[in-house]
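Worksheet: one structure, shown below.
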Amino acid sequence: QVQLVESGGGLVPAGGSLRLSCAASARTFSIYTMGWFRQAPGKEREFVAAISWSDSRTYYADSVKGRFTISRDNVKNTVYLQMNSLKPEDTAVYYCAAKRSTIDFGLGRTYGYWGQGTQVTVSS
């Protein structure tokens, strides 16, 4: 069983930065692929970024490439999402997710564990 707790959301002006954190309870955190997803009001959940446990490769949605960076600290059992050059369209609830497999990083339905989410609001 894995419990995930996100933090770091908030209100930020366009062009600003935020760093989201996701703390995991799993003793074997290092062997979980970690992902970030987001859901804006009235929209479907969408993939943002993921980091593989096996080789630490990172994957990003086209909409955030070059602006967001995912990273993990296997000692602290935490995954981070550094978000720079934020835009109003980045406004959403951001969710952390975990799974064991190292394929289909962008498919939310393949992740078995989810956090409660943290709100990110970017003002124009």
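The values are calculated or read from the model by the stated rules, or taken from the named source; none is laboratory data. No experiment lies behind these values; they were computed from the predicted model shown. FYI the Cβ positions are ideal-geometry reconstructions off the backbone, even for glycines, and counts take in every protein chain you see. Please note that ligands, DNA and RNA were not included when accessible areas were found on the heavy atoms of the full protein model with its side chains. Shrake-Rupley method; radii C 1.70, N 1.55, O 1.52, S 1.80 Å.
Using a simple charge model, +1 on the beta-carbon of Lys and Arg, -1 on the beta-carbon of Asp and Glu, nothing else, what dipole does the chain show about its Cα centre, in debye to the nearest 20?
200 debye
Among 98-107, 57-66, how do they line up by average Cβ neighbours within 10 Å per residue, starting with the highest?
98-107, 57-66
Once you charge only the Cβ atoms, +1 for Lys and Arg and -1 for Asp and Glu, what is the size of the charge dipole of the range 23-87 about its Cα centre, to the nearest 20 debye?
140 debye
Please give the length that would be gained between S25 and Q116 if that part of the chain were fully extended, namely 0.36 nm times their separation in residues minus their C-alpha to C-alpha distance (nm, one decimal). Write down the numbers at each step before the final one.
Details: separation 91, 0.36 × 91 = 32.76 nm, distance 1.39 nm.
Taking 0.36 nm per residue and subtracting the Cα distance, the gain is 31.4 nm.
Where a Cα-Cα gap under 19 Å defines reach, which aspartates and glutamates qualify for K87, not counting those fewer than 8 residues away within the same chain?
Reachable aspartates and glutamates: E44, E46, D62.
Where does the range 34-104 land on Rg(C-alpha)/(2.2 N^0.38 Å)?
1.10
How much length is gained on full extension from A14 to L107, taking 0.36 nm per residue of separation minus their Cα-Cα distance?
30.7 nm
Work out, in µm²/s and without decimals, the Stokes-Einstein translational diffusion coefficient of the chain at 37 °C, 0.692 mPa s, Rh from Kirkwood over C-alpha pairs. Show your work: numbers first, answer last.
Numbers: Rh = 14.2 Å.
For the chosen part, D equals 232 µm²/s.
Report in % the part of the accessible area of the chain that belongs to carbon and sulfur, leaving out ligands and nucleic acids; probe 1.4 Å. All intermediate terms of the calculation are to be shown ahead of the outcome.
Numbers: 2990 of 6430 Å².
Within the chain, the accessible surface is 47 percent carbon and sulfur.
Given a 1.4 angstrom probe, what's the average accessible area per residue across the range 1-70, in square angstrom?
For the range 1-70, the solvent-accessible area averages 54 Å² per residue.
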